[in-house]
Amino acid sequence: MSAERIDRVVIVGASLAGLRAAEALRDEGFTGRLTLIGDEPEPAYDRPPLSKQVLLGQVAADATALPLARDVDAQWRLGTAATGLDLDGRTVLLADGSKVPFDRLLIATGTRARPWANEAEAALEGVLTLRTSADAGRLAALLDAKPRRVLVVGAGFTGSEIASACRERGIDVTVAERGPAPLVGALGGVIGEAAARLQRAHGVDLRCGVTVTSLEGDEAGRLCRAHLSDGTVLEADVAVVALGAIRNTGWLEGSGLAAGPRGIAADAACRAFDHNGIATDDIFVAGDVARMPHALFGYQFLSLEHWGNAVEQARLAAHNMLCASRDRRPHLWIPAFWSSQFGVNIKSIGVPTMGDEVVVTQGALEDDRFVAVYGHRGRVIAAVSFDHGRWLDFYRCLIESAAPFPPEFAGVDRPPPGTVPVPACFPDPSVPSHGPTVTVSGYAPSERRITFTPAPA
Amino acid sequence: MTAPETMMRRIADPAARPDPYPLYEELRRTPVARQDDGVYTVSTYWEIRSLLNDPRVSSQTRPPLVPTPSGARSMLRLDPAEHDRVRRIVTRPFGPPHTPRRVFEMRRGMADTVRGLLDAFADKDQADIVDDFAYPFPISVICRLFGVPVEDEPRFHLWTESLLGAADFGAEHKPDPHLLDPDAAKIEMGGYLAELFDKHRKDPGDDMFSALAVDDGPDGRLTPPEQVATGFLLLIAGHETTVNLITNGVLTLLRHPQELKRLKDDPDLAVPMIEELLRYEPPVQYLPNRRTMDAVEVAGTVIPKDTDVNLMLAAGNRDPRRFPDADRFVPDRGDVEHLGFGNGVHYCFGAPLARLETRIALTEFARRVKGPELVADPPPYRVNPVLRGPRHLPVAYRGVRS
Ligand SMILES: Cc1cc2nc3c(=O)[nH]c(=O)nc-3n(C[C@H](O)[C@H](O)[C@H](O)COP(=O)(O)OP(=O)(O)OC[C@H]3O[C@@H](n4cnc5c(N)ncnc54)[C@H](O)[C@@H]3O)c2cc1C
Ligand code: HEM
């Protein structure tokens, strides 16, 4: 234990990261007062099923609760948003006007869905985003009503999973994607091509290189058609806007933390930076809202919108906020996530978005069963598998040992000789799209020193 | 002076069969060890697991333990992508996504069989858990599942025993005089299976072999020789191992009477208990069928290319770096990701079936058999060091509940 007594720990954001941190704090022996503040009224639930089992009608939208692994003996302030942070006074301000003092604070406010920019169009019946269980309940009900056509705007992971659920339920679906292929922001153009083939083979009307310019409603205010940038007009009753996520940092504006639209910058021990780029000792960050440097990836700041990352950082933050400074552990988790769509289990490990080149090392792209490895300056940086997830541990070792790229080995299910790396074809990150689920954002914790002003989202 | 005995020879020695675990402990002191004959043993948990998921390690390059007829290989001895294709085809009539309820729907028939076997205990005050319980039960299950006439059971019992008993494990032991010559057994059993698949092709039932003989999925159908190779594998893998798991279960429970009582009071305990059993007394003790296709570094040791590797599952299951108190039987240890069913692409195909069978067998044994006690401890074991289990398990008791 550090010299200072820690009697009060406050966690803002009572979802996956918040819950896991609460458990870890008690596991680590914290016996003081623990408060969880969350703006959603319902107890924490799991999000990955919301775009999968829930849309298939296999699980009810309100039935994905996250079970607590242990009694955490906490004060729960659910349905109450945090609206401000007083760094010097070590107090969190709540929407109901109350103030909650802390010795240690964990910020785990995650992200929210990027809304459709035109507010009037976004308000049409049948237009929605997918982030919360309420969203999933609405979308599932809309799908139950057998819409003529669903339009999915944005072919990132969430959009692709929604399209997959529609097809599995026999519903016509159009996917409109600004980039050249689905998943291109996360996995690049080569694997994106494989994803595009998969979508089309399952009957998705996939349109790449187009944007949706407007959504049109009927007199009753219900969505009836959409206009695309190539001039096409599409009849649709449902439009799901899947354009990526925005980090929930607005409540920290003016707090003095290095918080902005790209998240809250922290060091590898999960300690938040203030706007001078100095690590605080009492404020910790975990989950989708965090970005922190990673030793294996050139100490660049990574933002990871991954389930496993939230769990890992939550545990780490809990440990580091209680222990003595020399016992702090660094964030060394190798990024990993999964997705299931069109009957294929997709897994990723490492940071594909850093890859310059990609090469298939097992299986074959055209069979939708393969492992592809990404290289960055001659070393292995990531691997992605379609229905080949069992091998990824081997590739994790290659990433951890900075193995040379392309990896050379004799093994099972190797592609024919002469298979060579090709450019991974990531789109220019400055072009807005649905956004990848991993973003790499340079080195500095706060881009502008001293006069840090977060840009609008 | 004679050369020092290699560890694999000491493990293969029938004298080690009742308790091989001290040998495994010795083996784990060198997690990756080269034996005198050039074979490497890998005996610690993480190292075994990583090799089971390493694409540089093949299951195809070593000759089969049970030689298959007609040159076709079963999935057990195939590498991806061929392995994956065969496994998908065989999974289609067995489990999700295509046939998600097949195993679940067998539970009633299983319960009836177990009830009948235990009813027969009532006439006696002693039974052999192997011959009277653990052996006949899974046989009747797989006969129904696969579509093998039950009356043919004595024939393939003899064939599989002859094949397994004859496999060379490096130890000198007298072959059982009742057994057939292994080549003859192989030919006879191959002929029998070819005929059986023919019969199912002409007159398919709703069993798995019929489905394999006539159904076409997205990957097409197995060739007739592939069907026979699959039949061999399923009949052997689906039976011997389950017999040993049930027998090891009864043995372990009788050695831990307080756990037997807990199971009797709380049948749901069977679920974690069976996982612990697969860790503590795994029916497949090691995998003698892997070979490196490239140099592979594990735990600081480089296994050269083209080297035979034995993956010592039972040793890894007792690795204290992985499981605290590894030598104790703790039915409700939460964290019990054992290697008893292997890992990676060859992870046991029949695991859901084996779990359900063993669950029904052990809960019913605990519930119904009054005051069971071991007659001999240790019991006599089979010679096979890979598929290790008691040959007989005589148990005395004081009646049977209804
Ligand atoms: C539909 C969907 C599917 C997904 N599928 C996968 C998948 O297959 N694989 C994978 O790896 N990941 C997946 N993810 C991502 C994964 O769910 C997230 O990485 C994870 O939820 C992050 O957890 P978190 O606790 O950091 O953030 P969140 O889950 O976003 O939780 C943050 C919480 O804080 C609350 N909050 C925000 N602001 C405030 C405030 N000011 N005051 C109080 N409370 C506040 C929010 O309402 C929310 O409850 C998916 C996500 C979604 C939405
Ligand atoms: C307790 C019982 C069982 C145990 C301990 C067991 C154990 C194992 C192990 C360790 C493997 C991995 C082999 C390897 O990696 O080389 C395996 C594979 C296999 N098992 Fe089982 N098994 C059991 C029951 C069954 C049953 C009931 C069936 C059939 C219905 C079955 C069918 C198979 C098949 C077909 C394979 C090969 C899978 C492949 O190569 O992909 N097993 N089993």
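The values are calculated or read from the model by the stated rules, or taken from the named source; none is laboratory data. Since the model is a prediction, treat every value here as computed from it, not as a measurement. Because the Cβ atoms are built from the backbone with ideal geometry, glycine has one as well, and the counts that use them run over all protein chains shown. Note: accessible area is taken over every heavy atom of the protein model, side chains too, but ligands, DNA and RNA are not part of it. Shrake-Rupley method; radii C 1.70, N 1.55, O 1.52, S 1.80 Å.
In terms of its Cα atoms, the stretch A:335-377 spans 33, 21, 12 Å along the principal axes, sorted from long to short. Once the partner protein chains are put back, the stretch B:31-58 shows a loss of at least 30 square angstrom of accessible area, versus the chain by itself, at B:53, B:55, B:56 (probe 1.4 Å, ligands and nucleic acids excluded).
Projected over all directions and averaged, the alpha-carbon convex hull of chain A occupies 22.2 nm². Each peptide in A:74-83, A:340-349 receives the mean, over its residues, of other Cβ atoms within 10 Å, and ordering these scores from highest gives A:340-349, A:74-83. Peptide A:383-389 shows a mean partner chain C-beta count of 1 within 10 Å per residue C-beta. Remark: mean inter-chain Cβ contacts per residue of A:407-415 equal 6, using a 10 Å Cβ-Cβ cutoff to other protein chain atoms.
The calculated FRET efficiency for the pair residue B:34 and residue B:325, based on their C-beta separation and a Förster distance of 22 Å, comes to about 0.10. Assuming charge only on the beta carbon of Lys and Arg (+1) and of Asp and Glu (-1), the dipole of the stretch A:336-440 about its Cα centre is about 220 debye to the nearest 20.
Ranked by the mean number of other Cβ atoms within 10 Å of their residues, highest first, the peptides B:74-80, A:328-334 fall in the order B:74-80, A:328-334. Taking square-rooted eigenvalues a ≥ b ≥ c of the alpha carbon gyration tensor, is the stretch A:1-143 rounded, prolate or oblate, where a/c under 1.5 means rounded and, failing that, a/b exceeding b/c means prolate? Since a/c reaches 1.5 but b/c is at least a/b, the shape of the stretch A:1-143 is classed as oblate. From most to least packed by mean Cβ count within 10 Å, the peptides B:339-351, B:192-204 give B:339-351, B:192-204.
Note on the protein assembly as shown: Rg/Rh from C-alpha atoms, Kirkwood Rh, equals 1.00. Taking the Cα centre of the stretch A:115-243 as reference, the dipole from Cβ charges on Lys and Arg (+1) and Asp and Glu (-1) amounts to some 380 debye. Volume of the convex hull of chain B (Cα atoms only), normalised per residue: 146 Å³. The phi-based Karplus calculation (6.51 cos²θ - 1.76 cosθ + 1.60; θ = phi - 60°) puts the 3J(HN,Hα) values of the stretch A:73-84 at 6, 10, 7, 9, 10, 8, x, 10, 8, 7, 10, x Hz, whole numbers, x for Gly and Pro. Taking the DSSP bridge list for the protein assembly as shown and keeping only pairs wholly inside it, about 70 percent are antiparallel. Dipole magnitude for chain A: about 620 debye, using +1 per Lys or Arg Cβ and -1 per Asp or Glu Cβ, origin at the Cα centre.
Rg and Dmax over the alpha-carbon atoms of the stretch A:320-419 stand at 15.6, 54 Å. Accessible surface for the stretch B:7-400, divided over its residues, is 40 Å² per residue with a 1.4 Å probe. Of B:330, B:392, B:343, which is farthest along the charge dipole of the stretch B:303-393 in the positive direction, counting Lys and Arg as +1 and Asp and Glu as -1 at C-beta? Final value for the positive-end residue is B:392. Here the Kirkwood formula, the inverse mean of 1/r across different C-alpha pairs, assigns the stretch A:240-337 a hydrodynamic radius of 13.7 Å.
Placing unit charges on each Cβ (+1 for Lys and Arg, -1 for Asp and Glu) gives the protein assembly as shown a dipole about its Cα centre, and among B:191, A:214, A:18 the Cα reaching farthest toward its positive end belongs to A:18. Remark: accessible area buried at the A-B interface is about 1300 Å², both chains counted, probe radius 1.4 Å.
Let me know the shape class of the stretch B:1-160, please: from the alpha-carbon gyration tensor, a ≥ b ≥ c as square roots of the eigenvalues, rounded when a/c is under 1.5, otherwise prolate if a/b is greater than b/c, or oblate. Taking the square roots of the gyration eigenvalues as a ≥ b ≥ c, the stretch B:1-160 is oblate. Here the stretch B:326-397 is treated as a Stokes sphere of Kirkwood radius computed over C-alpha pairs; at 37 °C and 0.692 mPa s its diffusion coefficient rounds to 216 µm²/s. Per atom type, the protein assembly as shown shows carbon and sulfur on 52% of its accessible surface, probed at 1.4 Å. Here the alpha carbons of the stretch A:115-243 define both size measures, Rg and Dmax, at 13.6, 44 Å. Annotated for the protein assembly as shown: lysine pairs at least 8 residues apart or interchain, Cα distance under 19 Å, count 5.
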